Amino acid sequence: MHPTVEMVTQRIIERSRGTRQDYLDCMAVLKAQSPHRGVLSCGNLAHGFAACSSEDKNTLKFMNKANVAIVSAYNDMLSAHQPYERFPDLIREAAHGMGSVAQFAGGTPAMCDGVTQGQPGMELSLFSRDVIAMSTAVAMSHNMFDATVLLGICDKIVPGLLIGSLSFGYLPTILIPAGPMPSGLPNKEKQRIRQLYAEGKVGKGELLEAEIKSYHSPGTCTFYGTANSNQLLVEVMGLHLPGAAFVNPNTPLRDQLTRAATEQVVRLSRPNGGELGLGDMVDEKSIVNALVALLVTGGSTNHTIHWIAIARAAGIVIDWNDYADLSAAVPSMTRIYPNGQADVNAFHDAGGTPFLIRELLAGGYLHEDVETVMGRGLEQYTRMPTLKNGTLVWSPVATETLDPEVLSSASEPFAPDGGMKVLDGNLGRGVIKVSAVAKEHHRVEAPAVVFNDQNDLAAAFEAGDLDKDCVVVVRFQGPKANGMPELHKLTPYLGVVQDRGYHVALVTDGRMSGASGKVPAAIHVYPEAANGGLLAKVQDGDVVCVDAEAGTLTLLVSEQDLAARQPAEVDLSASHSGLGREMFGWLRRVASNPEEGASFFWNHDA
């Protein structure tokens with residue numbers, strides 16, 4: 001093993017010793033009671049399979065056959081999740097072929113951040129993760145099941161499904177992806193049209209046409225944002241079938257992978273002799289593997305929040321220092337938009353996740369000795385699935401990348417590090433991703449331009465107020481203020497300012513999208529402005545230094561002057577009602593800070 005990977009892993013094991021043991025003890029008690037439907041009364045059991053066919057009822061009367069829970073985030077408004085409409089029938093058919101049963105246990109909410117970017121609904125987005133976790137727990141609470149398949153892809157949905165399922169971690173669990181849509185308008189062209197629109201050089205009609213050509217069919221959006229980062233990380237953790245993440249939807253191969261995942265989770269169930277559950281597979285080593293995969297691919301910054309919460313659900317405590325130390329040690333091996341111009345289809349065609357895993361194993365960057373849904377050992381995830389005469393087979397991935405502009409070897413990476421840094425300073429603590437940021441922009445020291453509402457930035461841009469070296473501070477965007485929305489809407493404006501030759505950076509207590517790119521952005525900064533953070537005292541013209549090289553985030557104002565200032569008072573009531581936001585007030589009040597997962601499950605201060 002690479003010494004830094006080993007060091008971080010051991011540090012996490014030591015830090016988590018008590019909480020991890022508590023979790024495992026709890027799972028052991030629950031596992032000893034399974035199959036749970038065996039403890040149900042006759043009335044309970046009759047209710048549990050009342051709607052089943054007579055054949056399924058006969059199967060479920062006995063305890064020697066598996067009942068597979070289907071938990072799905074299907075809706076047909078999300079392009080990524082629309083293909084899931086067909087999956088329950090495929091899963092039931094595959095379970096029957098194994099002499100078992102599959103029941104649709106429950107659905108979870110699933111919102112599309114692409115629809116809600118810059119809209120009030122985005123202020124529910126982060127909290128939807130923990131709502132999804134609770135919805136998953138409700139679905140599983142009937143105690144009817146021996147195994148679980150999870151149907152979900154996008155931003156908060158996979159983390160929420162995992163967090164909820166880890167409360168039932170004694171059950172074997174497989175996540176079944178649906179795959180990305182085929183490639184549409186090239187990302188470079190989409191980015192160009194967006195910036196032209198921001199500059200007023202093209203109209204809304206031309207912008208809409210470009211967006212329609214980009215997001216054009218069922219399947220996941222093809223850029224490497226949070227949704228596709230989810231898929232890659234889950235596969236590296238061994239919770240998918242090998243090579244399953246980026247197979248396009250509604251294809252024979254995708255359908256066969258769905259059937260095979262069902263068959264495999266049945267094999268893993270206790271009625272079929274299985275002994276390991278999700279909680280055994282999500283351990284310290286698999287979490288480190290996920291972080292390494294995130295960093296070597298320049299994945300979504302949202303996972304500096306979400307994977308902390310997932311780990312905590314399994315009793316594992318990680319923090320931003322773990323990300324930073326790993327990032328400094330691992331190579332950058334992909335160029336997928338926004339860290340390049342290719343999309344995830346090109347990445348998959350170049351060798352995809354199986355090639356990446358093989359290279360990282362060879363370099364000592366991943367733990368091979370982990371439990372996966374395919375058995376012990378990550379080496380079997382270096383295979384790519386194909387159909388031969390209609391039969392699903394796995395073959396060793398190519399020994400060389402099939403597109404060195406998209407996917408590199410570990411020995412000849414695009415960059416020597418992962419590009420994710422922790423920033424600390426008097427302004428607070430945050431993270432920055434510089435894998436797509438040019439070297440000359442890694443340090444920006446300039447006067448602040450302060451906004452309390454992201455919607456005010458467009459007007460300032462159009463007025464020319466940003467045509468200068470500046471650090472744009474967008475505050476009161478944290479969990480307690482308004483639910484910590486993504487601020488991806490700001491990206492085209494800031495990109496134009498940078499392209500005009502100015503040095504510009506963003507500082508915010510909010511989030512950026514998984515598609516954040518070339519503009520340096522200090523994000524997730526805490527303490528947030530609404531919770532006593534110094535961000536609330538920053539004034540226009542104050543000099544702010546964002547230094548990704550030194551890892552500092554500094555407001556260059558004397559302590560004496562700062563002590564004399566009163567924090568800005570902002571009326572946040574408009575973000576606290578309307579479009580359902582009034583129902584999330586208690587979540588805003590009790591959410592933990594971003595480095596603790598921005599969760600209301602594990603708030604150390606509550």
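The values are calculated or read from the model by the stated rules, or taken from the named source; none is laboratory data. Source: prediction; values computed, not measured. Methodologically, a virtual Cβ is constructed for each residue, glycine included, from the backbone with ideal geometry; neighbour enumeration extends over all protein chains shown.
Among the residues of the stretch 287-319, those that are polar (S, T, N, Q) and in contact with a helix residue (DSSP H, G or I) (Cβ under 8 Å, 6 or more places away or on another chain) comprise ASN289, THR297, SER300, ASN302, THR304. Among the residues of the stretch 199-248, those identified as free of Cβ contacts under 8 Å to residues at least 40 places away in the same chain, farther than 26 Å from SER125 by Cα and small (Gly, Ala, Ser) are GLY203, GLY205. Among the residues of the stretch 484-506, those identified as part of a loop (DSSP other than H, G, I, E, B), out of contact with any Lys or Arg (no Cβ under 6 Å at 6 or more places or on another chain) and closer than 20 Å to GLY114 by Cα are PRO485, LEU487.
Hey, can you tell me all the residues within the stretch 341-355 that are under 29 Å from HIS524 (Cα atoms), touching a strand residue (DSSP E or B) at 6+ places or on another chain (Cβ under 7 Å) and not β-branched (Val, Ile, Thr)?
ALA342, ASP343, PHE347
Residues that are buried (at least 16 other Cβ atoms within 10 Å of the Cβ) and small (Gly, Ala, Ser) number at least 1 in the following helices (runs of 4 or more DSSP H) confined to the stretch 12-125: 42-48, 87-97, 113-116.
Taking the stretch 198-231, which residues are of a type in the set (Gly, Ala, Ser), assigned to a loop (DSSP other than H, G, I, E, B) and under 17 Å from the mean Cα position of the chain (by Cα)? The answer is GLY219, GLY225.
For the stretch 471-478, does any single residue satisfy the condition of being assigned to a helix (DSSP H, G or I) and touching a Phe, Trp or Tyr at 6+ places or on another chain (Cβ under 7 Å)? Within the stretch 471-478, not a single residue is assigned to a helix (DSSP H, G or I) and touching a Phe, Trp or Tyr at 6+ places or on another chain (Cβ under 7 Å).
For beta carbons closer than 6 Å, sequence separation of 6+ or different chains, a first residue in the stretch 14-39 that is under 23 Å from GLY273 (Cα atoms) and modelled with pLDDT of 95 or more and a second that is of a type in the set (Phe, Trp, Tyr) and surrounded by 13 or more Cβ atoms within 10 Å (Cβ to Cβ), the qualifying pairs are MET27/TYR170.
Checking GLU368 against (1) assigned to a loop (DSSP other than H, G, I, E, B); (2) touching a residue at least 24 places away in the same chain (Cβ under 8 Å); (3) not polar (S, T, N, Q): exactly one of these is not met. Which one? GLU368 satisfies all of (1) assigned to a loop (DSSP other than H, G, I, E, B); (2) touching a residue at least 24 places away in the same chain (Cβ under 8 Å); (3) not polar (S, T, N, Q) except (2).
The set of residues in the stretch 423-468 that are part of a loop (DSSP other than H, G, I, E, B), touching a strand residue (DSSP E or B) at 6+ places or on another chain (Cβ under 7 Å) and of a type in the set (D, E, K, R) contains only ASP465. Between ASP343, ASP369, the distinction of being more than 28 Å from ILE432 (Cα to Cα) and acidic (Asp, Glu) belongs to ASP369 only.
Each row is one residue, and each column tells you yes or no for (1) of a type in the set (S, T, N, Q); (2) over 28 Å from ALA313 (Cβ atoms).
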{"residue": "GLU549", "(1), (2)": "no, yes"}
{"residue": "ARG565", "(1), (2)": "no, yes"}
{"residue": "GLU569", "(1), (2)": "no, yes"}
{"residue": "SER573", "(1), (2)": "yes, yes"}
{"residue": "GLY578", "(1), (2)": "no, yes"}
{"residue": "SER592", "(1), (2)": "yes, no"}
{"residue": "GLY597", "(1), (2)": "no, no"}
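Restricting the stretch 197-243 to residues that are surrounded by 23 or more Cβ atoms within 10 Å (Cβ to Cβ) and touching a Pro at 6+ places or on another chain (Cβ under 6 Å) leaves a set whose member that is nearest to VAL344 (Cα to Cα) is THR222. Here is a check on your reading of the model: is ALA436 within 24 Å of the chain's Cα centre (by Cα), at pLDDT below 95 and among the small types (Gly, Ala, Ser)? Yes. When residues in the stretch 240-260 are screened for being over 15 Å from PRO354 (Cβ atoms) and either under 22 Å from the mean Cα position of the chain (by Cα) or not small (Gly, Ala, Ser) (or both), 10 of them pass.
For PRO404, are the conditions met, namely being under 24 Å from ALA198 (Cβ atoms) and either at pLDDT below 95 or outside the structural domain of ASP319 (by TED's automatic domain parsing) (or both)? No, not satisfied.
Annotation: of all residues in the stretch 484-494 being under 17 Å from the mean Cα position of the chain (by Cα) and surrounded by 24 or more Cβ atoms within 10 Å (Cβ to Cβ), the one that is nearest to GLY464 (Cα to Cα) is LEU487.
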